[in-house]
2 protein chains.
Amino acid sequence: MSELMYQSSKPVFAHHLKNLSEILQTAARDAKARSIDPKVFLDARLSPDMFSLTRQVQIVTDHAKGCCSRLAGVETPVFVDNETTFDELEARIQRTLSFLAGLKASQFRGSDTREIVMQLPIGTLSFNGFDFLNGWSLPNFYFHYATAYNILRHNGVGVGKRDFLGVVPGMKAKGKIAKMMAAKPTAKTKKKR
Amino acid sequence: MSELMYQSSKPVFAHHLKNLSEILQTAARDAKARSIDPKVFLDARLSPDMFSLTRQVQIVTDHAKGCCSRLAGVETPVFVDNETTFDELEARIQRTLSFLAGLKASQFRGSDTREIVMQLPIGTLSFNGFDFLNGWSLPNFYFHYATAYNILRHNGVGVGKRDFLGVVPGMKAKGKIAKMMAAKPTAKTKKKR
C-alpha cells in the first residue's frame with residue numbers, strides 16, 4: 001500500500017510537470033512565430049471568472065509540491081506567486097521538480113492512513129493520506145493541468161493530447177499507433193481531442 | 001497493492017461520473033433557462049480541432065469502463081456512440097455506473113502486475129496494470145472530464161470547481177471552507193478557478 005502511495009504520486013506529478021514544461025515551451029515559441037505578445041497567452045482564460053494560464057500553472061505546481069510534501073511529512077516549500085513570463089513559469093516548474101527529486105519513497109511509507117491536515121486562511125481540511133491523494137490532490141492537479149492545456153488549445157497553440165500524456169511510463173506500442181505516440185504531433189498528424 | 005488498484009480506480013471513476021452527471025444536468029437546466037438550444041452546448045468545442053462536449057463525455061465513460069473492465073479481467077462493454085441529447089448522455093453515464101457497480105474488489109487483485117493489452121484499429125498498446133491505470137487511464141479520464149467542464153464554463157454555465165471535485169471522500173472541513181465545500185456554488189459565492 002505505502003509503495004503505491006509513492007508510485008502514484010511523486011513520479012506521476014513529475015511526469016506531467018515535465019509535459020507541462022514542454023507544452024509551455026511550445027506555446028512560447030508559437031507566440032514568437034505568430035508575433036503574439038506572450039502576455040496574451042499568459043493572461044488568457046476560458047471564462048472571465050476562471051483563472052489565467054499563469055495562475056493555472058502556479059496551482060499545478062502547488063498541488064504537486066503540496067501533495068508530496070504532506071505525504072512525505074516534510075514542510076511544503078512556499079513559492080511567491082509573482083511569475084509574469086514563460087521563463088519564470090519554467091523556473092517555477094523546475095524548482096518544483098527539484099523539490100520532488102529530493103523526496104524518497106521511504107518517506108511516503110504509511111502515508112495512506114496518516115492524517116493530513118491542511119491549514120488554509122479560511123479553515124481546515126483534513127483527510128487520511130489515501131483520500132488526500134486520490135480525492136483532492138490528483139483531481140485538482142489534473143484539473144488545472146488540463147485547463148492550462150485547454151487555454152493554449154483555445155488560443156490555437158499546436159499541441160495535442162500526446163503532449164499532455166507524454167511518453168506513457170511502461171507503455172509498449174505496436175503498429176501505426178507506435179509512431180503516433182512516440183513522435184511529436186505536427187499540424188498534419190495531430191488528431192482531434 | 002492490489003487493494004489499492006481497486007480503490008484508486010473504480011470508486012474514483014464512479015465518483016467523478018456522478019459529478020459529471022450533475023454538471024451536465026446543471027448545463028441542461030441552464031440552456032433551458034437562457035433559451036439556448038441544448039445542441040449549442042452539446043456541439044460546443046474549445047477549438048475547431050478538439051472534440052465536442054458530446055464526444056468528450058463519451059470518452060470519459062469509455063476510459064472508466066475500459067480501465068475497470070481490463071483491470072478486473074472482464075470484457076469491456078461496447079456502447080454505440082450515438083448520443084445526441086443531454087438525456088442520452090445521462091443514460092450513458094448511468095449505464096457506465098451500473099457496469100462499474102457490478103465489479104468486485106477481488107477481481108482487481110493482482111492487476112497491478114498483470115499485462116493489459118489494448119487492441120486498437122491502428123495498433124496495440126500494452127502495459128502492466130499499474131502503468132495502465134496511472135499513466136494512461138487516469139490522465140485520459142481527467143483530461144476529457146476537465147475538458148467537458150471547461151467547455152461548459154466557456155459557455156457561461158454556472159458550475160464551479162466544487163462541482164468538479166464533488167463531495168471529496170473522507171474529507172473533513174472546519175471553518176468557512178466547510179460551507180464552501182458542502183454547499184452548491186452560486187453566482188454570488190462561486191470562486192474563480
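Shown for A:Ile151, B:Ile23: other C-beta atoms within 10 Å of each C-beta, ranked fewest to most, produce the order B:Ile23, A:Ile151.
Pairwise inverse Cα distances across the stretch A:61-128, averaged and inverted, put the Kirkwood hydrodynamic radius at 13.2 Å.
Label point of A:Thr124 (7 Å along Cα→beta-carbon): distances to the other copies' equivalent points are 5.5 nm, sorted ascending. Dipole magnitude for the stretch A:38-193: about 1340 debye, using +1 per Lys or Arg Cβ and -1 per Asp or Glu Cβ, origin at the Cα centre. Which listed residue (A:Leu138, A:Val167, A:Gly66) has the Cα farthest towards the positive end of the charge dipole for the stretch A:60-193, taking +1 on Lys and Arg C-beta and -1 on Asp and Glu C-beta about the Cα centre? Farthest towards the positive pole: A:Val167. Using a 7 Å projection from Cα along Cα-to-Cβ, the label point at A:Glu88 is separated from the same position in the remaining copies by 4.9 nm, smallest value first. Taking other residues whose beta carbon is less than 9 angstrom from the beta carbon of B:Ala105, and scoring Lys, Arg as +1 and Asp, Glu as -1, yields +2.
If you filter the stretch B:91-173 for trypsin sites (Lys or Arg not before Pro), then keep DSSP loop positions with at most 12 other Cβ within 10 Å, what is left? Display every interim value, and only then the final one.
On the way: sites: B:Arg92, B:Arg95, B:Lys104, B:Arg109, B:Arg114, B:Arg153, B:Lys161, B:Arg162, B:Lys172; in loops: B:Lys104, B:Arg109, B:Arg114.
When the trypsin sites (Lys or Arg not before Pro) of the stretch B:91-173 are filtered for loop state and at most 12 Cβ neighbours within 10 Å, B:Lys104 remain.
In this simple spin-label approximation, B:Lys104 and B:Thr76 carry label points 7 Å from Cα along the Cα→Cβ vector, and these lie 2.5 nm apart. Given +1 at the Cβ of Lys and Arg, -1 at the Cβ of Asp and Glu and no other charges, the dipole of the stretch A:1-110 around its Cα centre is 300 debye to the nearest 20.
According to the Cα-based calculation, Rg over Rh for chain A is 0.99, with Rh computed by the Kirkwood formula.
Counting Cα-Cα pairs of the stretch A:1-106 in 5 Å increments starting at 0 gives whole-percent bin shares of 2, 12, 22, 21, 17, 12, 8, 4, 2, 0, 0.
Legend: residue pairs B:Lys18/B:Lys65; A:Lys10/B:Lys161; B:Lys10/B:Lys104; A:Lys172/B:Lys10; B:Lys18/B:Lys161; A:Lys18/A:Lys161, Cα-Cα distance threshold 20 Å; pairs beyond threshold, A:Lys10/B:Lys161; A:Lys172/B:Lys10. Evaluated at 25 °C with a viscosity of 0.890 mPa s, what Stokes-Einstein diffusion coefficient in µm²/s does the protein assembly as shown have when Rh comes from the Kirkwood expression over alpha-carbon pairs? Value of D from the Cα-based Kirkwood radius: 115 µm²/s.
What is the sum of charges, Lys and Arg at +1 and Asp and Glu at -1, for the other residues whose Cβ falls under 12 Å from the Cβ of B:Ser8? My count for the surroundings of B:Ser8 gives -3.
Values quoted throughout were computed directly from the atomic coordinates according to the rules given, and no laboratory measurement underlies them. If you're wondering where the values come from, they're calculated on a predicted model, not measured in any experiment. FYI the Cβ positions are ideal-geometry reconstructions off the backbone, even for glycines, and counts take in every protein chain you see.
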